[in-house]
Amino acid sequence: QVKVKYGKGLPDRDRIGKGKIPVYGSSGKVGNHNKQLINFNTIVIARKGSVGNNFIVKEPCWPIDTTYYLEDINLDIDYLYYFLNSSIFKDTSTAIPSLRRNDLESIKISFPKSLPTQQIIVSAIESKFSVIDKVEEIVDNSLKKAEMLRKSILKSAFEGRLIK
């Protein structure tokens, strides 16, 4: 049974910015501190504001009070992280997006009992994701080249070299 725990408040003014311990909020890493709240691998889950954001953390950290973190994870942590990213969290608030602990705890996690099987699934996911990463890089480079070409055409047009 995975335990869902609340993060603990750590206002900006109390953080030691040059510390080596990452501080996580609902949007990801939000700073550093010199103390940790937890000293085990976890998944930090946005509870307020950015519902649906999950962050796998494999080092000591400090999840703040806009997050939950998971304790006693008895699955491959990467498997659980990907599973949670495939889940659709319901916004149960009216004004500020939020995730209730009961809703999070009610998620039924389907998983193979065998740790090696979980790891095979993670490996397959990461292999497919690496293909997506390469496609994104190609698209990003193409967009940059298109923008440079656009600027070149404008420059040529206003230097009188476009219509000769």
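The values are calculated or read from the model by the stated rules, or taken from the named source; none is laboratory data. Remember, predicted model here, so these are calculated numbers, not experimental data. Note that each Cβ is placed from the backbone with ideal geometry, even for glycine, and that neighbours are counted across all protein chains shown. Quick note on the areas: whole protein, heavy atoms, side chains included, nothing else; ligands and nucleic acids left out. Shrake-Rupley method; radii C 1.70, N 1.55, O 1.52, S 1.80 Å.
Some observations on this one:
- Taking every protein chain into account, the accessible area of region 11-164 amounts to 66 square angstrom per residue (probe 1.4 Å).
- When the Cα positions of LEU70, SER130, ILE153 are compared along the charge dipole of the chain, ILE153 comes out farthest toward the positive end, with charges on each C-beta of Lys, Arg, Asp and Glu.
- Chymotrypsin sites (Phe, Trp or Tyr not before Pro) restricted to region 18-71 and DSSP loop, no more than 16 other C-beta within 10 Å: PHE40
- Area accessible to solvent at ASP103, 1.4 Å probe radius, in Å²: 40
- Under 10 Å, Cβ to Cβ, from PRO63 - net charge with Lys/Arg +1 and Asp/Glu -1: +2
- Principal-axis tilt of helix 115-158 within the chain, Cα atoms, nearest 10 degrees: 30
- Student exercise, the chain dipole from Lys, Arg, Asp, Glu Cβ charges, in Debye to nearest 20: 560
- When every Cα-Cα distance of the chain is counted in 5 angstrom steps from zero, the calculated P(r) takes the values 2, 8, 13, 15, 14, 12, 11, 7, 5, 4, 4, 3, 2, 1, 0 percent.
- Region 1-93: C-alpha gyration tensor shape, a/c 1.5 cut-off, then a/b vs b/c: oblate
- Each of THR42, LEU10, ASN32 was scored by the projection of its Cα onto the charge dipole of region 1-144, and the greatest displacement toward the positive side belongs to LEU10; charges sit on the C-beta of Lys, Arg, Asp and Glu.
- Anisotropy class of region 6-50 from Cα gyration tensor, a/c 1.5 cut: oblate
- Set LYS20/LYS144; LYS29/LYS155; LYS35/LYS128; LYS3/LYS35; LYS48/LYS151; LYS8/LYS108 screened for pairs whose C-alpha atoms are more than 31 Å apart: LYS20/LYS144; LYS29/LYS155; LYS35/LYS128; LYS48/LYS151
- Among the GluC sites (Glu not before Pro) within region 69-161, those in coil by DSSP and having at most 10 neighbouring Cβ atoms inside 10 Å are GLU159.
- Computed with a 1.4 Å probe on the full set of protein chains, the accessible area for PHE111 sits at about 80 Å².
- Percent carbon-and-sulfur accessible area, the chain, ignoring ligands, DNA and RNA, probe 1.4 Å: 54
- Of all DSSP beta bridges confined to the chain, the antiparallel ones make up roughly 90%.
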